[in-house]
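The structure under discussion appears below in the form of structure tokens.
The values are calculated or read from the model by the stated rules, or taken from the named source; none is laboratory data. Predicted, not measured: the structure shown is a model, and the values here were computed from it. Cβ placement follows ideal geometry from the backbone for every residue including glycine, while neighbour counts extend to all protein chains displayed. Accessible surface areas use protein heavy atoms only, side chains included; no ligands, DNA or RNA. Shrake-Rupley method; radii C 1.70, N 1.55, O 1.52, S 1.80 Å.
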Amino acid sequence: LDVLFQALADTTRRGMLASLAEEAQTVSSLAEPYDMSLAAASKHIKKLEAAGLVERDIVGRVHHCRLSPDKLKQASVWLKTYERFWNNRLDALEEALRAED
């Protein structure tokens, strides 16, 4: 999970993932909205690949990237624990407020 959350910690990489959630894209198209070089975009994509979030296919000189969402499921399972924690806390707060009324 550490590598996954490190990859997700960057705004640019989260934006790239959002784009890839819509459709597979080339490195060029992923770099375009961020005013960055292809080398910089490739570094971001490598972080996403290392986290298991992106898969890259190379056809000639063109690098095609697609989302690999399985690792996000692991993060979701981990976060569910805290969702239950906060839901329990909010339920207790609601009960306390209703008891005051």
Checklist entry - Quick check, is Ala41 within 13 Å of Leu17 (Cα to Cα), touching a Phe, Trp or Tyr at 6+ places or on another chain (Cβ under 8 Å) and either open to solvent by less than 90 Å² (accessible area, probe 1.4 Å) or not in a helix (DSSP H, G or I) (or both)? => result yes
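Yes/no matrix, rows are residues, columns are (1) in contact with a Leu (Cβ under 7 Å, 6 or more places away or on another chain); (2) over 17 Å from Arg14 (Cα atoms):
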site	(1), (2)
Ala41	yes, no
Ala50	no, no
Arg56	no, no
Gly60	no, yes
His63	no, yes
Arg66	yes, no
Lys71	yes, no
Val77	no, yes
Thr81	no, yes
Next on the checklist: Consider the stretch 91-101. How many of its residues are modelled with pLDDT of 90 or more and either open to solvent by 100 Å² or more (accessible area, probe 1.4 Å) or among the β-branched types (Val, Ile, Thr) (or both)?
Outcome noted: 2
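Here is a yes/no grid of residues against (1) out of contact with any Lys or Arg (no Cβ under 6 Å at 6 or more places or on another chain); (2) open to solvent by less than 80 Å² (accessible area, probe 1.4 Å):
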residue: Leu1; (1), (2): yes, no
residue: Gly15; (1), (2): yes, yes
residue: Ala18; (1), (2): yes, yes
residue: Val27; (1), (2): yes, yes
residue: Arg56; (1), (2): yes, yes
residue: Arg61; (1), (2): yes, no
residue: Cys65; (1), (2): no, yes
residue: Ser76; (1), (2): yes, yes
